[in-house]
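First up is the structure itself, then whatever we jot down about it.
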Amino acid sequence: MRVLVLNAGSSSLKAQYLEVGGEVAFDLTIERIGEDAPDAPADHAAAVEQVLAVVDERGLPVPDAVGHRVVHGGPDLTAPTVVDDEALAAIEAVVPLAPLHNPANLAGIRAARAAFADVPHVAVFDTAFHATLPPAAHRYAVPTAWFSDHGVRRYGFHGISHAYVARRAAEVLGRPQEELRLVTAHLGNGQSVCAVDRGRSVDTSMGFGPLEGLVMGTRSGDVDPTVVFHLVREEGMALDEVETALNRRSGLLGLAGSNDLRDVESRAADGDEGARLALDVMVHRLVGYVAAYATRMGGLDGLVFTAGIGEHSALVRRRVGDGLALLGVRVDPAANDAVDGEARIDAGDGPAVLVVPTDEEGEIARQVAETVG
Ligand code: ADP
């Protein structure tokens, strides 16, 4: 089965055309949608036309299905969903929960449905894997009406990636997922960890939105909301300004002046205080989350690193491993330094420690095939 996977952002469209479980025929990113630049596509429809043109140029058949990554499925869209008018309305209804992401995803879906009118379109949600979070993990201790009337709960994100790497880790270990208590760490520009207890997500560090939890490239992760009240009420900042700062000027960027971990690592090695601090805060929080999740699951069979930092930073993996010594985690230094793609890097007698390159497009395609196949 051939699937075209589309991931539409507000000004970009990523497309991958692949055979489920097999070859990727092409992978392309179209940027600057709607911008006033030469060659910039006017809108998502124009961007999808470019994808269609590549399908033609390469002599590829029309795909059997199109899979769409949708960031937020809200409380009800918890499985891959064939896109019809009702599903579109349901995704639309979730826009207030994800005002920055779902509208772009919807624009991509609408444009692609027009361009590929005769094949099924399937929406795959980043929140869906976390639908199994028990109330103890998904509820905030706030007035119940906030939950029932306003949808305030923890949803969690990066679910497509966590689902893929957990399944792949079980394959690498040669054991059924149903036996394994894993913590998956998706460490990219956005970062989250997930407790995958025998195949089900039971806790994750992002919450109502993607701002909660770990230290990220430009997002703060956990912050006491009192900080917001203080800055707005006492220090005269505008609410929008604080929101922008927490999303775009915090995290590694806020502490070290760069959101690129490679820069942060090299500056820390040269003795830069801010860069050292950024690494310390990031690792401190990661260790705390992983340890809490291991405790919650009653043990840890494996820790899985993925995404840019998880796949490429030997330093972060080593420091997180060191921080988890109490749980028996031991990272083998030589194996850790030699990582290039998928690898097992533990010293052998404690929980497994794995690096598994994420494959969100492959996972979306697999879920699409399961849904329409
Ligand atoms: P996104 O969430 O945008 O997909 P990625 O998964 O590509 O992001 O991760 C980006 C992060 O990975 C950046 O902080 C980048 O510095 C980091 N990274 C990539 N390669 C390396 C490397 N060799 N060493 C350390 N960090 C790396």
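Taking the options 211, 246, name whichever one is under 23 Å from the mean Cα position of the chain (by Cα) and either outside any helix (DSSP H, G or I) or within 16 Å of the ligand (Cβ to nearest atom) (or both). Can you show your working first?
On the way: 246 fails: either outside any helix (DSSP H, G or I) or within 16 Å of the ligand (Cβ to nearest atom) (or both).
Result: 211 is the single residue among 211, 246 that is under 23 Å from the mean Cα position of the chain (by Cα) and either outside any helix (DSSP H, G or I) or within 16 Å of the ligand (Cβ to nearest atom) (or both).
Being surrounded by fewer than 19 Cβ atoms within 10 Å (Cβ to Cβ), under 23 Å from residue 344 (Cβ atoms) and among the hydrophobic types (A, V, I, L, M, F, W, C), is that true of even one residue in region 284-293?
Yes, the conditions are met somewhere in region 284-293.
Would you confirm, using the coordinates I've provided, whether residue 36 is surrounded by fewer than 14 Cβ atoms within 10 Å (Cβ to Cβ), in a loop (DSSP other than H, G, I, E, B) and out of contact with any helix residue (DSSP H, G or I) (no Cβ under 8 Å at 6 or more places or on another chain)? Break it down stepwise before answering.
On the way: surrounded by fewer than 14 Cβ atoms within 10 Å (Cβ to Cβ): yes; in a loop (DSSP other than H, G, I, E, B): yes; out of contact with any helix residue (DSSP H, G or I) (no Cβ under 8 Å at 6 or more places or on another chain): yes.
Yes, satisfied.
Do we find that residue 250 is touching a residue at least 24 places away in the same chain (Cβ under 8 Å), surrounded by 13 or more Cβ atoms within 10 Å (Cβ to Cβ) and of a type in the set (Ser, Thr, Tyr) in this structure? Talk me through it step by step, then tell me what you get.
Numbers: touching a residue at least 24 places away in the same chain (Cβ under 8 Å): yes; surrounded by 13 or more Cβ atoms within 10 Å (Cβ to Cβ): yes; of a type in the set (Ser, Thr, Tyr): yes.
Yes, satisfied.
Only one of (1) small (Gly, Ala, Ser); (2) within 14 Å of the ligand (Cβ to nearest atom); (3) surrounded by 18 or more Cβ atoms within 10 Å (Cβ to Cβ) is not met by residue 266, so which one is it?
(3)
Write out, first by first residue and then by second, each pair whose Cβ atoms fall under 7 Å of each other, whose residues are 6+ apart or on separate chains, and whose first residue, in region 253-267, is of a type in the set (D, E, K, R) while the second is within 8 Å of the ligand (Cβ to nearest atom) and part of a helix (DSSP H, G or I).
265/315
Mind checking which helices (runs of 4 or more DSSP H) fall wholly inside region 278-373 and carry at least 2 residues that are within 14 Å of the ligand (Cβ to nearest atom) and in contact with a helix residue (DSSP H, G or I) (Cβ under 8 Å, 6 or more places away or on another chain)? I'd like the intermediate steps shown before the answer.
On the way: elements: 307-312, 314-323, 333-337, 360-372.
Answer list for region 278-373: 307-312, 314-323, 333-337.
Scan 52, 60 and give me the residue that is assigned to a loop (DSSP other than H, G, I, E, B) and over 30 Å from residue 207 (Cα atoms). Quick ask: steps written out before the conclusion?
Numbers: 52 fails: assigned to a loop (DSSP other than H, G, I, E, B).
That would be 60, the only listed residue that is assigned to a loop (DSSP other than H, G, I, E, B) and over 30 Å from residue 207 (Cα atoms).
Show the residue pairs meeting these rules: Cβ distance below 7 Å; 6+ apart or different chains; first residue within region 117-128 and closer than 16 Å to residue 48 by Cβ; second residue among the basic types (Lys, Arg).
121/113
Could you list all residues from region 105-124 that are under 20 Å from the mean Cα position of the chain (by Cα) and more than 17 Å from residue 16 (Cβ to Cβ)?
106
Out of region 137-188, which residues are β-branched (Val, Ile, Thr), within 16 Å of the ligand (Cβ to nearest atom) and either in a helix (DSSP H, G or I) or more than 20 Å from residue 205 (Cα to Cα) (or both)? Break it down into steps so the answer makes sense when it comes.
Taking region 137-188 and keeping what is β-branched (Val, Ile, Thr), we get 142, 144, 152, 160, 165, 172, 183-184.
Filter once more, keeping what is within 16 Å of the ligand (Cβ to nearest atom): 160, 165, 184.
If the condition is that a residue be β-branched (Val, Ile, Thr), within 16 Å of the ligand (Cβ to nearest atom) and either in a helix (DSSP H, G or I) or more than 20 Å from residue 205 (Cα to Cα) (or both), then 160, 165 are the ones that fit.
Can you tell me which residue in region 207-233 is farthest from residue 134 (Cα to Cα), limited to those that are touching a Lys or Arg at 6+ places or on another chain (Cβ under 7 Å) and hydrophobic (A, V, I, L, M, F, W, C)?
Ranking the candidates gives 215 first.
Could you list, in sequence order, all residues of region 213-230 that are surrounded by fewer than 20 Cβ atoms within 10 Å (Cβ to Cβ), more than 22 Å from residue 300 (Cβ to Cβ) and not polar (S, T, N, Q)? Give the derivation first.
Initial filter on region 213-230 (surrounded by fewer than 20 Cβ atoms within 10 Å (Cβ to Cβ)): 218, 222-230.
From the residues that got through so far, the ones that are more than 22 Å from residue 300 (Cβ to Cβ) too are 218, 223-230.
If the condition is that a residue be surrounded by fewer than 20 Cβ atoms within 10 Å (Cβ to Cβ), more than 22 Å from residue 300 (Cβ to Cβ) and not polar (S, T, N, Q), then 223, 224, 225, 227, 228, 229, 230 are the ones that fit.
In region 168-188, what residues are of a type in the set (D, E, K, R) and in contact with a helix residue (DSSP H, G or I) (Cβ under 6 Å, 6 or more places away or on another chain)?
Initially, region 168-188 is screened for residues of a type in the set (D, E, K, R), giving 168, 171, 175, 178-179, 181.
Selection gives 181 alone.
Read the figures in this text as sums done on the coordinates, not as results from a lab. Note that the structure is predicted; figures quoted are calculated from it, not measured. Every residue, glycine among them, receives a Cβ derived from its backbone with ideal geometry; neighbour counts consider all protein chains shown.
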